[in-house]
Structure formats: structure tokens, C-alpha cells
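Okay, so here's the structure we're looking at.
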Amino acid sequence: MLKVGLTGSIATGKSAVCGYFLELGCHVLDADKTAREVVEAGTKGLDMIVEEFGDEVLLPNGELDRTRLGSIVFADEKKRLLLNSIVHPLVFEAQNRWLAAREAKDPDGIAIVDAALMIESGGYKRFNKLIVVWCEPAIQLKRLKLRDDLPETDAKKRIAAQMPQEEKKRYADFLIDTSNGFEDTRKQVVEVFEKLKLDSH
């Protein structure tokens, strides 16, 4: 099975790209979903977060208050790295289990794991190919402000907290530029898919 990593900065259109790959018959794992699952109420992940960050990051129902935690870690580099050091290993384990299960069922398939911090964490090295999704910086900023209802200064801070897009692009086997809307993006996904199919056999 061909194992493909997919990454890109915040608000560059990774979800849309993953959706197109799914339609084409690829197996796709959404890293945000995995990251949420490993810190659900009652998990080892959530216990570790509460131990480091205190009860203030919990909602009244005992679940993680993601907004509260987000505002803490985006304002403090040390705390962000601490959170990543808790969550990343758990996400890696979950991804590996998922990949093994897909491979058992569909050895000739293409499995795509979408993860925002795949390059920063070194996780990309586990994959045969790496796709980087990107878009023009002005479009990224506009999308993020709209999507998360953020003021411009906060949106810029979140973008600045990540590895610059230009740097991510240097790691890519394939680039998908989502700046020109859905149709254009879809066309690029199909082209990349055809190349991946050749690699998977």
C-alpha cells in the first residue's frame, strides 16, 4: 500500500483536497479528528493535558475546552510545544493503527494521512510521498478570518506560529495550490492521484 502524507498550513484548503481524494477512492485519515479522539473525555491524553494545564482547560461536562486551550498555547510558545509533546505521540500511534488496518484490507490501495504539523514533528518521514497543500498568503488570511471568525491580528498570529508555507513546499513530492477555487483544485488533485496510482503498483 502506498502511504501518503498530506500537510499544509492553517486554512489552506486541506479538508477540501482530502474530500476529493476520498471521492477518487483513496483512504483518508483526518489528523484533526484523530487529535480530537486522543484527548476525548476519559482518555490518557486528556488526563496528561489536565495534569500540565490544570482544570481550567476543561468544560463543565469534563471534555476539553479547545478554545480555552487554544488561546493559552497560541500565546505561549513553550506551552504550545508542551501540548504538542503530549498529543503527537498519541496521534502517531493512532495513525499507525489506522494504516495497518487499511493495509490489511486493501494492500494495493492509497492511504492518505492529513496532518498539519507533519513536517515539524518529523512524521512525514514515515510516508512514501508527501503532498503539500498551499495557497496565496492573502487568501489564507482571508479564509482563516472567515472560518474561525478571528480579528486580523489573531489570524496573523496563528499563521505566524506555523512553519512558513514556502519552507513546507520544499519538502513536497507534490504541490496542490488551492488559490483559484474548487474546480481548479479538483483538477490538480486528479493529476496527483493519477501519479500516485502509478506509484502504488
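Coordinate-derived values only; no laboratory data. What you see is a predicted model; the values in this text were computed from it and never measured. Cβ coordinates were reconstructed from backbone atoms using ideal geometry, including for glycine residues, and neighbour counts include every protein chain displayed.
Which log10 I(q)/I(0) values, to two decimals, does the stretch 115-201 give at q = 0.10, 0.12, 0.25, 0.26 Å⁻¹ under the Debye formula with one point per Cα?
-0.31, -0.44, -1.30, -1.32
When 124, 171 are ordered from fewest to most other Cβ atoms inside 10 Å of their Cβ, what list results?
Placing the least packed residue first, the sequence is 171, 124.
I need the phi-derived Karplus couplings for the stretch 23-32: 6.51 cos²θ - 1.76 cosθ + 1.60, θ = phi - 60°, integer Hz, Gly and Pro marked x.
Values per residue, Gly and Pro as x: 4, 7, x, 7, 8, 10, 10, 8, 5, 4 Hz.
Compute, for the stretch 21-82, the length of the dipole vector about the Cα centre, with Cβ point charges of +1 (Lys, Arg) and -1 (Asp, Glu) only. Units Debye, rounded to 20.
Once rounded to the nearest 20, the dipole reads 140 debye.
Convert each backbone phi in the stretch 61-69 into a coupling constant with the Karplus relation 6.51 cos²θ - 1.76 cosθ + 1.60 (shift: θ = phi - 60°), then list the ³J(HN,Hα) values in order as whole Hz, x for Gly and Pro.
After applying 6.51 cos²θ - 1.76 cosθ + 1.60, I find 7, x, 8, 5, 8, 5, 5, 4, 4 Hz.
Rounded to the nearest 500, what is the chain's calculated 222 nm mean residue ellipticity when only DSSP H runs of at least 4 contribute -39500 (n - 2.57) each, over all residues?
Result for the chain: -17500 deg cm²/dmol, rounded to the nearest 500.
Identify which of 128, 84, 61 has the largest mean-square fluctuation in a Gaussian network model of the chain, with springs joining Cα atoms closer than 10 Å.
61
Could you bin all the Cα-Cα distances of the stretch 21-155 into 10 Å bins starting at 0 and give me the percent of pairs in each, rounded to whole numbers?
Values per bin, smallest distances first: 10, 34, 35, 19, 2.
From the gyration tensor of the Cα coordinates in the stretch 1-69, what semi-axes in whole Å does the equivalent ellipsoid have, largest first, with each one equal to sqrt(5λ)?
31, 13, 10
Grab the stretch 131-195 and count how many Lys pairs have their alpha-carbon atoms under 15 Å apart, sequence gap of 8 or more, or different chains.
5
Ordered by residue, what ³J(HN,Hα) values in Hz, to whole numbers, does the stretch 184-201 give under the Karplus form 6.51 cos²θ - 1.76 cosθ + 1.60, where θ = phi - 60° and Gly and Pro are x?
Once θ is set to phi - 60°, the couplings for the stretch 184-201 become 5, 4, 4, 4, 5, 4, 4, 4, 5, 4, 4, 5, 5, 4, 4, 6, 7, 9 Hz.
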